[in-house]
Amino acid sequence: MNHVSARGSGRRTTAPRLRAALVSIAAGVVAVGTTVAIASSASAGTTLGASAAEKGRYFGTAVAVNKLSDSVYVGILNREFNMVTAENEMKWDATEPNQGQFNYTNGDRLVSHAQANGMRVRGHALAWHSQQPGWAQNLSGSTLRSAMLNHVTQVATHYKGKIYAWDVVNEAFADGGTGARRDSNLQRTGNDWIEAAFRAARAADPGAKLCYNDYNTDGQNAKSNAVYAMVQDFKSRGVPIDCVGFQSHFNSASPVPSDYQANLQRFVNLGLDVQITELDIEGSGSTQADNYSRVVRACLAIARCTGITVWGIRDSDSWRASGTPLLFDNSGNKKAAYTSTLSALNEGGTTTPPTTTPPTTTPPTTTPPTTPPPTTAPPTTPPPGNGGCTASVSLNSWTGGFVATVRITAGSAGLSGWVVGLTLPSGTLITNTWSAQSSGTSGSVTFRNVSYNGTVGAGGSTEFGFQGTGNGPTGTPTCSPA
Ligand code: G3I
């Protein structure tokens with residue numbers, strides 16, 4: 001992947017910012033730190049964000065902060081999206097241009113814009129071999145390691161409580177068939193630099209999901225196998241990792257892989273979320289449109305694919321503008337790819353395939369962990385033999401936080417809706433819920449199905465999840481048909 005910018009010139013005006021508060025209310029998405037409610041409204045089905053929210057997902061875009069004065073750009077941003085990623089403004093060169101001197105001006109502008117318009121924020125990226133400030137490029141060894149960890153700590157602390165998910169480490173694996181780590185100054189500080197970065201990020205902001213993010217990992221190949229092995233190892237040793245980001249930069253030389261969904265699923269089976277983090281697909285017309293809908297359907301088919309982010313708004317905003325890879329043309333008009341994306345988001349039957357489905361391929365043989373990951377054990381609760389349902393919880397916990405995955409299993413009569421109740425320990429606070437509507441964030445909480453996962457066939461199962469600070473729930477949850 002060539003990361004040289006090929007961007008076109010964005011149109012800039014000084015017209016007042018448009019606000020789309022209605023969209024954010026419709027999407028039911030509120031600031032980090034509170035529950036993500038899934039509400040239906042008049043806007044549902046007509047914008048990317050609202051339609052994704054109806055399916056318990058977000059739909060985001062990369063934002064270049066210097067375009068927030070462009071009224072066309074901001075109009076689309078506020079109307080269509082409920083998650084934003086800083087395209088460049090939170091990277092190391094932007095946030096720490098001189099060692100120990102931090103500049104959050106542009107990153108803060110993005111966060112403010114997001115919060116004022118009901119959007120959440122993905123943080124990008126804490127540790128990366130590219131876009132390092134010059135002073136860091138000149139460091140090595142333990143000096144660089146310390147500088148990197150200080151950077152992770154400082155930036156994650158500055159944005160604490162405001163970031164849905166951080167790309168903690170970006171693009172650390174080499175292309176080609178070796179499955180090796182990418183050579184970089186960071187890699188040369190020692191193979192454990194990645195887990196050190198994740199631990200520092202967790203300590204700084206326990207409420208943010210922590211992602212590993214990469215490209216050319218979208219299908220099963222030597223590179224994604226190597227990432228898989230690393231994640232499997234991290235999960236087995238308790239290294240804090242909550243998600244894997246799949247950048248999904250596609251073109252004719254790097255098309256949407258036929259095993260895209262299967263690849264996402266095998267990562268979910270390790271007990272963490274997946275996100276599509278930088279989607280763009282070069283091309284035009286129906287071919288491009290079909291490819292976008294394939295990506296959306298793959299994500300919706302996976303319960304823990306929590307959202308999709310496109311890497312820019314208009315084609316002219318793209319880092320590879322000449323490939324016209326985005327959903328809006330240079331004037332901000334919706335393309336066929338937009339229509340197919342929205343249609344795919346609005347399709348009825350999202351599924352929640354069990355996360356315990358075994359991977360479709362043999363896991364890579366490189367450094368297999370000797371102990372199974374603690375959180376991927378399938379719930380053993382048998383299906384109830386009546387018209388009711390049962391629920392069981394699997395927990396991924398760390399000091400100060402947890403992710404809970406709740407599986408609902410239908411009895412012999414099946415379900416057309418369900419309510420799960422559980423009690424959280426004193427001091428525990430839910431910060432994020434997916435694939436369910438929760439009644440609150442602490443104490444005794446009930447979770448109801450959302451539109452796409454209420455119907456469960458006899459003996460079948462579905463899942464929802466939530467993330468919180470404090471300790472995870474104990475005891476067996478209650479489950480009732482609704
Ligand atoms: O802001 C300066 C400007 O002052 C200067 O005149 C100009 C001269 O080249 O450069 C401008 O900075 C550029 C910056 O984008 C902002 O436009 C950099 O040169 C350019 O290298 C930078 O490119 C970014 C690229 O990451 C850097 O690797 C792209 O915008 C950004 O879209 C791209 O994003 C990456 C993700 O972070 C990681 N995954 C791949 C993805 C695409 O490459």
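Which ones in the stretch 460-472 are β-branched (Val, Ile, Thr) and surrounded by fewer than 21 Cβ atoms within 10 Å (Cβ to Cβ)?
Correct list: Thr469 only.
Do any residues in the stretch 58-70 that are over 22 Å from Cys305 (Cβ atoms) and within 14 Å of the ligand (Cβ to nearest atom) have Cβ atoms under 6 Å from those of residues that are hydroxyl-bearing (Ser, Thr, Tyr) and modelled with pLDDT of 95 or more, where the two are at least six apart or on different chains, and which pairs are they?
Lys67/Tyr73
Quick check on the stretch 247-275: of everything there that is assigned to a loop (DSSP other than H, G, I, E, B) and within 16 Å of the ligand (Cβ to nearest atom), which residue is farthest from Ala203 (Cα to Cα)?
Within the stretch 247-275, the match that is farthest from Ala203 (Cα to Cα) is Ala253.
Residue by residue, here is whether (1) on the phi < 0 side of the Ramachandran plot; (2) open to solvent by less than 20 Å² (accessible area, probe 1.4 Å) holds:
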position: Thr428; (1), (2): yes, yes
position: Ser438; (1), (2): yes, no
position: Gly443; (1), (2): no, no
position: Thr446; (1), (2): yes, no
position: Thr455; (1), (2): yes, no
position: Ala458; (1), (2): yes, no
position: Thr474; (1), (2): yes, no
position: Pro477; (1), (2): yes, yes
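May I ask you to list the residues in the stretch 247-295 that are open to solvent by less than 10 Å² (accessible area, probe 1.4 Å) and among the basic types (Lys, Arg)?
If the condition is that a residue be open to solvent by less than 10 Å² (accessible area, probe 1.4 Å) and among the basic types (Lys, Arg), then Arg266 is the only one that fits.
Quick one: which residue in Leu326, Leu279 is within 15 Å of the ligand (Cβ to nearest atom) and assigned to a strand (DSSP E or B)?
From the options Leu326, Leu279, the qualifying one is Leu279.
Could you tell me which of the residues Asp214, Asp233, Asp218 is within 16 Å of the ligand (Cβ to nearest atom) and touching a Pro at 6+ places or on another chain (Cβ under 7 Å)?
Sole residue among the options that is within 16 Å of the ligand (Cβ to nearest atom) and touching a Pro at 6+ places or on another chain (Cβ under 7 Å): Asp218.
For the stretch 82-129, how many residues meet the condition of being of a type in the set (Phe, Trp, Tyr) and within 16 Å of the ligand (Cβ to nearest atom)?
2
Considering the stretch 231-241 alone, what residues qualify as being surrounded by fewer than 24 Cβ atoms within 10 Å (Cβ to Cβ) and not polar (S, T, N, Q)?
Val231, Asp233, Phe234, Lys235, Arg237, Gly238, Val239, Pro240
Return yes when Val244 is under 18 Å from the mean Cα position of the chain (by Cα) and assigned to a helix (DSSP H, G or I) and no when it is not.
no
Does the stretch 117-129 contain any residue that is more than 22 Å from the chain's Cα centre (by Cα) and among the basic types (Lys, Arg)?
No, the stretch 117-129 contains no residue that is more than 22 Å from the chain's Cα centre (by Cα) and among the basic types (Lys, Arg).
With respect to Ala321, is the statement that it is within 16 Å of the ligand (Cβ to nearest atom), in contact (Cβ under 8 Å) with a residue 40 or more places away in the chain and touching an Asp or Glu at 6+ places or on another chain (Cβ under 8 Å) true?
yes
Restricting the search to the stretch 282-315, which residues are within 16 Å of the ligand (Cβ to nearest atom) and either of a type in the set (D, E, K, R) or not in a loop (DSSP other than H, G, I, E, B) (or both)?
Passing the criteria: Glu282, Ile308, Thr309, Val310, Arg314, Asp315.
What helices (runs of 4 or more DSSP H) lie completely within the stretch 124-216 and have 1 or more residues being surrounded by 22 or more Cβ atoms within 10 Å (Cβ to Cβ) and touching a helix residue (DSSP H, G or I) at 6+ places or on another chain (Cβ under 6 Å)?
Counting at least 1 such residues, we get 141-158, 193-204.
The values are calculated or read from the model by the stated rules, or taken from the named source; none is laboratory data. Predicted, not measured: the structure shown is a model, and the values here were computed from it. Glycine gets a Cβ as well: all are built from the backbone with ideal geometry, and neighbour counts include every protein chain shown. These area figures cover heavy atoms from the full protein model, side chains too; ligands, DNA and RNA do not enter into them. Shrake-Rupley method; radii C 1.70, N 1.55, O 1.52, S 1.80 Å.
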